[in-house]
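Down below is the structure, laid out as structure tokens.
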């Protein structure tokens, strides 16, 4: 590929996002003008045909967010993969990072387009809200556009400079570009987060009578839920990016024509799943932080979220997370079929499955549901006489911590399957690792049961002990494992590419589920504002002021997910036409000869 | 064929999730209905409007449908009957109507043993909505004593609220603002005022501007050191009597009181 050709392509790809950014800037400038001539009363809401204004903005925002999460999540592990390749001198990681970035490149334009669609939808359909936000946040909007500009060019330098900055110090410069790309992306994210979190949790001094020009900028920017959302989204973007990459790899695996391609995409799918599930394990803690801050900001909002009209949403969330844990573990268990030596672990998978299924069932047990008098009578009280016991947080925290431990065990067994440690203390080390698991599980169970015998305020604190026990066990086991596996003998190479198709479908289900879950939790976050554009500051007086029920929300979410995946498929297909996939060089190993008598 | 299978898996997964979400009870967050009652409103109209608010946009059922979170209002609570039966005897000297109304407008006024203060935020409801809620709750086993006069008075208060709630002075001089708002009735500055609350002298050395601002906006949230027993005595609506600019003038002035 010629340098001039690369440059031309880069400029072409630059043009669209910049056009979008320019359009947004123009729109902002337009708003900043004193367009409200004397005697003219601006309208508060616009109309959108058929689906209505709310659904139109919802869809635009959701699709922008899906693409944005992907283009923010992928660079994070692209630079990690590149660094692993540099440190271990394994070119396959470098090639993997480059292919990740290629996916990123083609998704970037779509992110910008949907961002522009969202801004224009807000300007035309919700001019009053947008005008208010523009007045409060104008400086940050200009910074946003500027950083977006830098992000675009850094991305093009990062991708198109890959082969030029390949050796010696130049490689570190290239990696530095990747870090810079992540930095710009994170700044863009936290700026946008301030706008949406301000709508949820405006500072206490802002009242309905406060003119927007009197709102102190930093107070509005760093509002109560800003940092929790930043943390939660940062982690969730990694999960999402991993899941989409996994699905991409799964699709390419299923359509692969050669063993080499299958081996490459099998390995890529594993990495995607590994990244997604590893980050997923941390995500509940970030969610807990966010939830706590919402309660701290406004108890009524917190109560509405967990026990009000949103209460049933958490049952659906538990179902989806159950699918994630089961599909993620299933993928690993099936994958162990192509790892020599893994057969010694396979008898344990059924017990792990039992723990996961029981955990999901407990987690999905409802507790504080809005119920009518008739429903309470039918149930025989506020809580179900038997299942009500399992609905409390003691049981749920216990369940989720055991599920996390089980998933970690799956990863551990997967990673150790084809290795035989050679250190002299290997047996003792394994026993200590087992003991760490048992101790962590015992602590989780102890506080889970003890929680039933103490007041709620004490019980809430127990979840911290449970989480710390699990994290300590994970940290201890990983540390021991790294030391034990130094110089370990191989029981045989992983037979990349010899993965059953059903495992690839598990990756696809994971991606669809992550995407759907993201839409669902976005609905929860936005929906707890209820009939307020800006909570208790600006009331929603439109025809769509009532927050819809979960059934309607699920249809919109499903439509958004379908559109997103459809567009991603199209973009990847187009990208694949232009450039050949980068094959990592992961070796496919022929299947073992069947033993005599098989 | 592979493409079709992948499409099938995606569509099937989406269909299952959509079906699950549509299978559970469908709860919509209702917008509280604006009420335009006058003095001629009937008891039945008030109770019906109150019921709609209680079960819908008021969000009351979030806690009061759950006996573990808040006292049950519609069924017996602790052997004392429903709220309409027990409201008149809850607080000596306060009749049922006053008790419920004050409980709504000042959730910390009468907290039942074993429960936390109510999270209901009366400030986002109109007077007519609040009286409709009182009427509905009285109707749960007791006589309704809310009248059209209560509603009319509340409507007048609502209409006057912008004037009454507006700044008492247009001045931007911090001392004038504080004098006009009777701040020196409880705080001392340069020998002026009454030493009931924390002195303004040296305030900037003790706490920062953010804390001062919070203390004005939400006086009941945090006690000043040495004045814990005074917590809750400062007028909670004091900030409503200041413009945003006046608030900042006062905050910065007090933050500068040091040395």
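Readers should treat all values here as calculations from the given coordinates under stated rules, not as data from a laboratory. Predicted model only: the values in this text are computed from it and were never measured. As a convention, Cβ positions derive from the backbone with ideal geometry for all residues, glycine included, and neighbour counts pool all protein chains shown.
Quick notes on this structure:
- Subtracting the Cα-Cα distance of residue A:41 and residue A:258 from their residue separation scaled by 0.36 nm leaves 71.5 nm.
- Highest-fluctuation residue, B:142, B:193, B:65 considered, GNM on chain B with Cα pairs under 10 Å: B:193
- Modelled FRET efficiency - R0 51 Å, residue A:48 with residue A:423, Cβ distances, 0.05 increments: 0.20
- When only Cα pairs below 8 angstrom with a gap of at least 6 residues are kept, chain A shows a relative contact order of 18 percent.
- Residue-averaged 222 nm ellipticity for chain B, from DSSP H runs of 4+ at -39500 (n - 2.57), nearest 500: -14000 deg cm²/dmol
- Note on chain B: GNM, Cα springs under 10 Å; of B:190, B:139, B:76, the largest mean-square fluctuation is that of B:190.
- Alpha carbon convex hull of chain A, projected area averaged over orientations, nm²: 32.1 nm²
- Mean-position separation - Cα centroids, the stretch A:132-191 and the stretch A:41-61, in angstrom: 32 Å
- Placing pseudo-labels 7 Å out from each Cα toward the beta carbon at residue B:28 and residue A:296 gives an inter-label distance of 3.6 nm.
- Averaged over the residues of A:538-549, the number of partner chain Cβ atoms lying within 10 Å of the residue Cβ comes to 3.
- Look at A:531, A:174, A:264 and count the other Cβ atoms within 10 Å of each Cβ; fewest to most, that gives A:531, A:174, A:264.
- Annotation for residue A:471 and residue A:357: the two label points, set 7 Å from Cα along the Cα-Cβ direction, are 3.3 nm apart.
- Spin-label proximity, residue A:89 to the stretch A:466-507 - amide N less than 18 Å from point 7 Å beyond Cα toward beta carbon: A:487
- Crossing angle, helix B:244-255 versus chain B [Cα axis fit, 0-90 degrees, rounded to tens]: 50 degrees
- Distance in nm between pseudo-label sites at residue A:163 and residue B:252 (7 Å out along the Cβ direction from Cα): 6.0 nm
- Candidates B:81, B:58, B:191: whichever shows maximal mean-square fluctuation once chain B is modelled as a Gaussian network with Cα springs under 10 Å: B:191
- Net lengthening on full extension, residue A:218/residue A:458 (0.36 nm per residue, minus Cα-Cα): 82.8 nm
- Note on residue A:343 and residue A:445: the extension gain reaches 33.7 nm, defined as 0.36 nm multiplied by sequence separation minus the Cα-Cα distance.
- Legend: translational diffusion of the stretch A:325-491 by Stokes-Einstein, Rh = Kirkwood radius over C-alpha pairs, 20 °C, 1.002 mPa s; D = 120 µm²/s.
- Scattering curve values for the stretch B:35-124, log₁₀ I(q)/I(0), Debye with Cα scatterers, q = 0.15, 0.17 Å⁻¹: -0.63, -0.82
- Taking the average, over residues, of other Cβ atoms within 10 Å as the packing measure, peptides A:466-473, A:418-425 rank A:466-473, A:418-425 from highest down.
- Among A:319, A:70, A:514, a tally of other beta-carbon atoms within 10 Å of each Cβ gives an order, fewest to most, of A:319, A:70, A:514.
- Kirkwood estimate for the stretch A:49-173, i.e. one over the average of 1/r between Cα atoms, Å: 16.7 Å
- Averaged over the residues of A:243-254, the number of partner chain Cβ atoms lying within 10 Å of the residue Cβ comes to 1.
- Global form of the stretch B:174-255, assessed from the alpha-carbon gyration tensor, a/c cut-off 1.5: rounded
- Here is how the number arises for chain A: DSSP H runs of 4 or more residues each give -39500 (n - 2.57), the sum is divided by the residue count, and the result at 222 nm is -25500 deg cm²/dmol.
- Cβ-Cβ FRET estimate between residue B:210 and residue B:106, R0 fixed at 35 Å, reported to 0.05: 0.85
- Here the relative contact order of chain B, from alpha carbon pairs under 8 Å that lie six or more residues apart, stands at 16 percent.
- Size-normalised alpha-carbon gyration radius of chain B, reference 2.2 N^0.38 Å: 1.36
- Neighbouring partner chain Cβ atoms per residue of A:558-571, average, 10 Å criterion: 2
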